[in-house]
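Here the structure is laid out as structure tokens; the discussion comes afterwards.
The values are calculated or read from the model by the stated rules, or taken from the named source; none is laboratory data. The model shown is predicted, which means the values in this text are computed figures rather than measured ones. Reconstructed Cβ throughout: ideal geometry from the backbone, glycine too, with neighbour counts over all protein chains shown.
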Amino acid sequence: MNRINLGTSLLILFLLAACAPSTPVVQPAVPAVETAPTLPPPTAPVAPPFEPATYRDEANGFELDYPSDWSLDPNSVVGTRGTQAQLLSPGTTPETLAEGGSRLSIVVYDWDPKGDLGAYVAQRRLAWDSSGFKVMNGSMTALVDGRPASDFFIEPPGGSLSYFLLTPVGDRYLQLAGDGDLALIETIARTLRPLR
């Protein structure tokens, strides 16, 4: 009896093994294809709500409008990899924001990674996050000429909000950053365009 049970048991095990699904073949993972974010259509030029003066950067091929009663603190070298100019509302200096005033810095950086705005923005956000800055309301957009741009608001520890717009200019990066009247700063930044 034990032989039949053993033989029957082996036969049943053999049949079960034959009918069982085979071991699944593990396919190698296909890497996700990185796609560039879909940008909205370029913003249409809008007449600014102020009497404009025009800031032009001939070397980097762009210009923007700002209120004609503001002053310009001209280009200066920032470290070894950048230049900066500042636009200042009446009574504001590079060091001091006047009551109700605004200021906008225009900085062109020679920075890596070149030609990859997404990676550059991620690098900047990581640096701000690690310094305790809050980064808010970030978005990717297209400027008047179709160039990609990333803009957002940041808040330093114990400080007030600032507006930032980052975009490529050739193989460099342009950073527009301002504080004070942020709606006005953003309006000025949105007049950014290539030189005519």
> Can you name the residue in region 157-194 that is over 21 Å from Asp73 (Cβ atoms), more than 17 Å from the chain's Cα centre (by Cα) and in contact (Cβ under 8 Å) with a residue 12 or more places away in the chain and, of all such residues, is surrounded by the most Cβ atoms within 10 Å (Cβ to Cβ)?
Replying inline: Arg193
> If you take the residues of region 123-141 that are modelled with pLDDT of 90 or more and surrounded by 15 or more Cβ atoms within 10 Å (Cβ to Cβ), which of them is farthest from Val169 (Cα to Cα)?
Replying inline: Phe133
> Tell me, which residue of region 73-102 that is touching a Phe, Trp or Tyr at 6+ places or on another chain (Cβ under 9 Å) and surrounded by 14 or more Cβ atoms within 10 Å (Cβ to Cβ) is farthest from Asp171 (Cα to Cα)?
Replying inline: Thr92
>> For the condition exposed (fewer than 12 other Cβ atoms within 10 Å of the Cβ) and touching a residue at least 60 places away in the same chain (Cβ under 8 Å), what is the one hit in Pro49, Pro148?
In response: Pro49
> Does Leu72 satisfy being outside any loop (DSSP other than H, G, I, E, B), more than 24 Å from the chain's Cα centre (by Cα) and either farther than 23 Å from Asp145 by Cα or without any contact (Cβ under 8 Å) to a residue 12 or more places away in the chain (or both)?
Replying inline: yes
> Out of all the residues in region 121-174, which are out of contact with any helix residue (DSSP H, G or I) (no Cβ under 9 Å at 6 or more places or on another chain) and of a type in the set (Val, Ile, Thr)?
Replying inline: Val121, Thr141, Val144, Val169
>> Here is a list: Ala47, Ala85, Ala53. Which entry is modelled with pLDDT under 95 and small (Gly, Ala, Ser)?
In response: Ala47
> In this structure, does Ala122 turn out to be farther than 21 Å from Thr80 by Cα and of a type in the set (A, V, I, L, M, F, W, C)?
Replying inline: yes
>> I need the full set of residues from region 58-69 which are farther than 14 Å from Val169 by Cα, under 26 Å from the mean Cα position of the chain (by Cα) and acidic (Asp, Glu), in order please.
In response: Asp65
